[in-house]
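**Student:** Before anything else, here's the structure in question.
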Amino acid sequence: MSDTQQSVTVIGLGPMGQAMVSTFLERGYQVTVWNRTASKADPLVAKGAVLAATVQEALAANELVVLSLTDYDAMYAILGQATDALAGRVLVNLSSDTPEKARAAAEWAAGHGARHLTGGVQVPPSGIGSPESATFYSGPKDLFEAHQETLKVLTATDYRGEDPGLAALYYQILMDIFWTSMLSYLHAVALADAHGITAEELQPYVASALSSLPNFAGFYTPRINAGNHAGDVDKLAMGAASVEHIVHTTEAAGVDTALPAAVLEVFRRGMAQGHSGDSFTSLVEVFKKAVASA
């Protein structure tokens, strides 16, 4: 087995996995790779990576094994055929999935003599290797500390705690913000286009609107923490009226209203629960109740 400080195995060679392998190679690491479609490894082998013929061979090459897969089901499909080679391995699972599946994977790995670190990469492949990028990690602290320097080759590290599910949870929380925000951006572009306004013309105004969000979050965070949803700054009923205007504008333009209509439905639920005179932040309580009753 190779020196764990200067060698690593990477399983999964999608765009993210390829970026990770390239970064490790650039930093002088010996990298063994494996992918279901072996040809994806060709450009990496040309850079110095070693292509393992089997999953067992990839696992045997190094103690530290980085997984860059679509989800945890892919992990089981790949590693399930090589459980006899898992003992003594450290699995750094950078695949996206739910906190519950991360916890189950940690137990599964332990059952086969391996140890598991959950990771949540906060950047696209282009951000790998940049010190400004970061990845959430969770799992055994001693395991994280033992391999932190190697993991820092990929991105800065943000350790969230011993619970294997925490890194996945933080990642999914940020993805909640990212996808809903970007979807609202695309809807705005479609609405602008219906009126002959190009995405390029709209972009500086989009940037201005998005750059204001940290200020709003900073203002409302201590209030939300304190459970203070007083309507002294804004009122949910006024917010609902604003969203209703968006729905009408969208409908008149012949653009799909599904997204703003869904937002309006949430506002109306909050009003129906007695929050009309409260701040729109009272909707966090509406969301909590929906979770509790599920």
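The values are calculated or read from the model by the stated rules, or taken from the named source; none is laboratory data. Just so we're clear, the structure is a prediction, and the values are computed from it rather than from any experiment. Please note: Cβ atoms are built from the backbone with ideal geometry, for glycine as well, and neighbour counts cover all protein chains shown.
**Student:** I'd like to check something: does the range 260-272 contain any residue that is surrounded by fewer than 16 Cβ atoms within 10 Å (Cβ to Cβ), more than 21 Å from residue 183 (Cα to Cα), assigned by TED's automatic domain parsing to the domain that holds residue 181 and among the aliphatic types (A, V, I, L, M)?
**Tutor:** Yes: one or more hits.
**Student:** Going by the structure shown, is residue 190 more than 30 Å from residue 98 (Cβ to Cβ) and either in contact with a helix residue (DSSP H, G or I) (Cβ under 6 Å, 6 or more places away or on another chain) or among the hydrophobic types (A, V, I, L, M, F, W, C) (or both)?
**Tutor:** Considered against the rule, which asks whether it is more than 30 Å from residue 98 (Cβ to Cβ) and either in contact with a helix residue (DSSP H, G or I) (Cβ under 6 Å, 6 or more places away or on another chain) or among the hydrophobic types (A, V, I, L, M, F, W, C) (or both), residue 190 comes out as yes.
**Student:** Moving on. Looking at the range 72-95 only, could you name the residues that are more than 22 Å from residue 19 (Cα to Cα), polar (S, T, N, Q) and at pLDDT 95 or above?
**Tutor:** 83
**Student:** I'd like the full set of residues that are assigned to a loop (DSSP other than H, G, I, E, B) and hydroxyl-bearing (Ser, Thr, Tyr), limited to the range 219-257.
**Tutor:** 257
**Student:** Still on this structure, please answer the following. Hey, residue 142 hits all of (1) in a helix (DSSP H, G or I); (2) surrounded by 15 or more Cβ atoms within 10 Å (Cβ to Cβ); (3) in the same structural domain as residue 29 (by TED's automatic domain parsing); (4) of a type outside the set (Ser, Thr, Tyr) but one; which does it fall short on?
**Tutor:** Exception for residue 142: condition (2).
Residue-by-condition table, conditions (1) of a type in the set (Lys, Arg); (2) in a loop (DSSP other than H, G, I, E, B); (3) closer than 30 Å to residue 245 by Cα; (4) touching a helix residue (DSSP H, G or I) at 6+ places or on another chain (Cβ under 8 Å):
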{"position": "154", "(1), (2), (3), (4)": "no, yes, no, yes"}
{"position": "160", "(1), (2), (3), (4)": "yes, no, no, yes"}
{"position": "166", "(1), (2), (3), (4)": "no, no, no, yes"}
{"position": "171", "(1), (2), (3), (4)": "no, no, no, no"}
{"position": "174", "(1), (2), (3), (4)": "no, no, yes, no"}
{"position": "178", "(1), (2), (3), (4)": "no, no, yes, no"}
{"position": "181", "(1), (2), (3), (4)": "no, no, yes, yes"}
{"position": "202", "(1), (2), (3), (4)": "no, no, yes, yes"}
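**Student:** So residue 194 ticks every box in (1) buried (at least 18 other Cβ atoms within 10 Å of the Cβ); (2) among the hydrophobic types (A, V, I, L, M, F, W, C); (3) closer than 28 Å to residue 251 by Cα but one. Which box is left unticked?
**Tutor:** Answer for residue 194: the failing condition is (1).
A quick yes/no check of all residues on (1) more than 30 Å from residue 121 (Cβ to Cβ); (2) in contact with a Gly (Cβ under 6 Å, 6 or more places away or on another chain):
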position	(1), (2)
182	no, no
205	yes, no
214	no, no
231	yes, yes
242	yes, no
263	no, no
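**Student:** Being in a strand (DSSP E or B) and either at pLDDT 95 or above or of a type in the set (Ser, Thr, Tyr) (or both) is the requirement here; does residue 120 meet it?
**Tutor:** yes
**Student:** Looking at this structure, is residue 67 of a type in the set (A, V, I, L, M) and without any contact (Cβ under 8 Å) to a residue 24 or more places away in the chain?
**Tutor:** The answer is no for residue 67.
**Student:** Is it the case that residue 184 is touching a residue at least 24 places away in the same chain (Cβ under 8 Å), surrounded by 12 or more Cβ atoms within 10 Å (Cβ to Cβ) and among the hydroxyl-bearing types (Ser, Thr, Tyr)?
**Tutor:** So residue 184 passes the test.
**Student:** Also, quick follow-up: Filter the range 84-103 down to the residues that are assigned to a helix (DSSP H, G or I) and surrounded by fewer than 17 Cβ atoms within 10 Å (Cβ to Cβ), then identify the one that is nearest to the chain's Cα centre (by Cα).
**Tutor:** 100
**Student:** Does residue 69 meet the test of being of a type in the set (A, V, I, L, M) and either modelled with pLDDT under 95 or in contact with a Ser or Thr (Cβ under 6 Å, 6 or more places away or on another chain) (or both)?
**Tutor:** The answer is yes for residue 69.
**Student:** Right, next: In this structure, does residue 275 turn out to be buried (at least 18 other Cβ atoms within 10 Å of the Cβ) and either at negative phi or in contact with a Gly (Cβ under 9 Å, 6 or more places away or on another chain) (or both)?
**Tutor:** yes
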